[in-house]
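The values are calculated or read from the model by the stated rules, or taken from the named source; none is laboratory data. None of the values given here were measured: they were computed from a predicted structure. In this analysis, Cβ positions are derived from the backbone assuming ideal geometry, glycine residues included, and neighbour counts consider all displayed protein chains. For accessibility, only protein heavy atoms count, side chains too; no ligands or nucleic acids. Shrake-Rupley method; radii C 1.70, N 1.55, O 1.52, S 1.80 Å.
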Amino acid sequence: MTFAHPYILLLLLLLPLLAWLKGKRGRSPAFLYSSVRLAEGLTHARRSRAGAFLAALRWLALAAFIIALAQPRLEKSRTVVKASGIDIVVAIDLSGSMELPDFVVHGQRVNRLDMAKSVLSSFIDERPNDRIGLVAFGGRAYIASPPTLDHDFLQENVARLHLHMIEDNTAIGDALATALNRLRDLQSKSKIIILMTDGQNNSGRVDPLTAAAAAQALGVKVYTIGVGNDEIANQLRRPDLLPDEDTLQKIADLTGGKSYRADNADRFRQIYAEIDKLEKTEAVVNKLSRFDEWFPWLIAGGLVLLLAEVGLGQTVFRRLP
């Protein structure tokens with residue numbers, strides 16, 4: 001058993017002193033009798049038996065309340081949590097162009113979003129000690145998950161992402177601003193944003209470079225990943241399916257991050273592996289314990305003792321001659 005506030009137990013040392021002082025100040029009960037001999041021995045008997053017993057109940061109740069204040073408890077379980085001190089928010093593009101299947105995995109065509117979700121999921125598994133958050137964006141940006149160490153919850157939110165759940169435009173500046181808002185108040189050694197997009201900023205209220213300047217001011221590095229295969233986009237004569245690499249490079253340079261281009265499955269995996277190596281720090285171990293609290297039982301016991309004292313005291317006085 002342990003105590004949340006063990007220093008409170010020092011109050012127990014005062015109880016014997018208080019009991020002694022109480023006894024010194026007490027007076028013998030007075031009764032009127034026609035003969036002193038009739039009351040001989042009555043005072044001693046009453047005080048030594050009933051009075052002493054009732055006083056003992058009161059002191060026991062007080063002792064129970066003091067122990068309850070010290071909050072006794074038994075440890076049920078202990079969980080070791082490691083936190084690296086790195087906070088990461090991943091901003092992932094859900095615009096309609098992410099539907100283009102220009103990646104090949106095991107001989108099968110995979111669209112851009114599914115490829116991005118796959119490598120992100122693996123990245124999360126490799127960083128168990130980091131708080132990682134998720135921002136989904138298209139024409140607007142939304143928080144899909146705040147930065148968390150609960151990676152099972154995070155992976156569930158990654159799996160829920162799908163095409164056409166947000167307006168089919170690309171608000172890169174809003175995505176960066178939303179990610180920054182989740183990082184700005186966190187106390188950590190390093191804060192980074194990973195921005196994955198396959199398009200050009202054509203929506204939203206915040207200019208991408210303005211958001212990058214804000215990230216620079218807050219000490220947040222931005223790693224940008226341009227998603228998509230140039231060859232397939234050119235064959236389709238769809239320049240809008242190509243990421244704005246110039247803007248992505250400027251964002252990375254301004255914030256001290258790095259810009260990448262993911263044009264095939266292997267390269268996509270290599271990019272995340274490189275980011276994983278660049279952003280490493282020692283983990284700090286925190287121990288979280290769960291307890292069974294005993295103080296409610298002690299409080300209940302103390303109340304029972306007090307009620308017993310009151311009830312027995314009334315009975316004793318009724319029986320006095």
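Couple of notes before you dig in:
- Qualifying positions in region 265-292 - at pLDDT 85 or above, open to solvent by less than 70 Å² (accessible area, probe 1.4 Å) and either among the aliphatic types (A, V, I, L, M) or not in a helix (DSSP H, G or I) (or both): Ala265, Ile271, Ala273, Ile275
- Set Glu126, Glu156: member being free of Cβ contacts under 8 Å to residues at least 40 places away in the same chain and either among the acidic types (Asp, Glu) or over 28 Å from Ala211 (Cα atoms) (or both): Glu156
- Gly219 of a type outside the set (A, V, I, L, M) and under 29 Å from the mean Cα position of the chain (by Cα): yes
- Residues of region 185-212 classified as at pLDDT 95 or above, among the small types (Gly, Ala, Ser) and touching a strand residue (DSSP E or B) at 6+ places or on another chain (Cβ under 7 Å), total: 1
- Entirely in region 13-77, the helices (runs of 4 or more DSSP H) that have 1 or more residues that are modelled with pLDDT under 55 and within 17 Å of Val310 (Cα to Cα): 42-46
- Residue match in region 228-237 (condition: in a helix (DSSP H, G or I) and of a type in the set (A, V, I, L, M)): yes
- Taken together, Val80, Val90 contain a single residue that is modelled with pLDDT of 90 or more and assigned to a strand (DSSP E or B), which is Val90.
- Filter result (more than 24 Å from the chain's Cα centre (by Cα) and either in contact (Cβ under 8 Å) with a residue 40 or more places away in the chain or buried (at least 20 other Cβ atoms within 10 Å of the Cβ) (or both)) within region 177-205: Leu195, Met196, Thr197, Asp198, Gly199, Gln200, Asn201, Ser203, Gly204
- Search result, residues across region 238-264 that are open to solvent by less than 30 Å² (accessible area, probe 1.4 Å), under 11 Å from Gly199 (Cβ atoms) and either in contact with a strand residue (DSSP E or B) (Cβ under 6 Å, 6 or more places away or on another chain) or in a loop (DSSP other than H, G, I, E, B) (or both): Pro243, Leu248
- Out of Asp87, Asp152, Asp93, sole residue that is among the acidic types (Asp, Glu) and out of contact with any strand residue (DSSP E or B) (no Cβ under 7 Å at 6 or more places or on another chain): Asp152
- Condition check for Ala136: closer than 16 Å to Ala215 by Cβ and of a type outside the set (Lys, Arg): no
Here is a yes/no grid of residues against (1) at pLDDT 90 or above; (2) outside any helix (DSSP H, G or I); (3) open to solvent by 10 Å² or more (accessible area, probe 1.4 Å):
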{"site": "Val104", "(1), (2), (3)": "yes, yes, yes"}
{"site": "Arg109", "(1), (2), (3)": "yes, yes, yes"}
{"site": "Met115", "(1), (2), (3)": "yes, no, no"}
{"site": "Ser118", "(1), (2), (3)": "yes, no, yes"}
{"site": "Ser121", "(1), (2), (3)": "yes, no, yes"}
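- Among the residues here, Phe137 does not qualify as in contact (Cβ under 8 Å) with a residue 24 or more places away in the chain, over 22 Å from the mean Cα position of the chain (by Cα), surrounded by 22 or more Cβ atoms within 10 Å (Cβ to Cβ) and under 21 Å from Asn264 (Cα atoms).
- Among the residues making up region 140-176, those that are open to solvent by 30 Å² or more (accessible area, probe 1.4 Å), in a helix (DSSP H, G or I) and either of a type outside the set (D, E, K, R) or touching a Cys at 6+ places or on another chain (Cβ under 8 Å) (or both) are Phe153, Gln155, Ala159.
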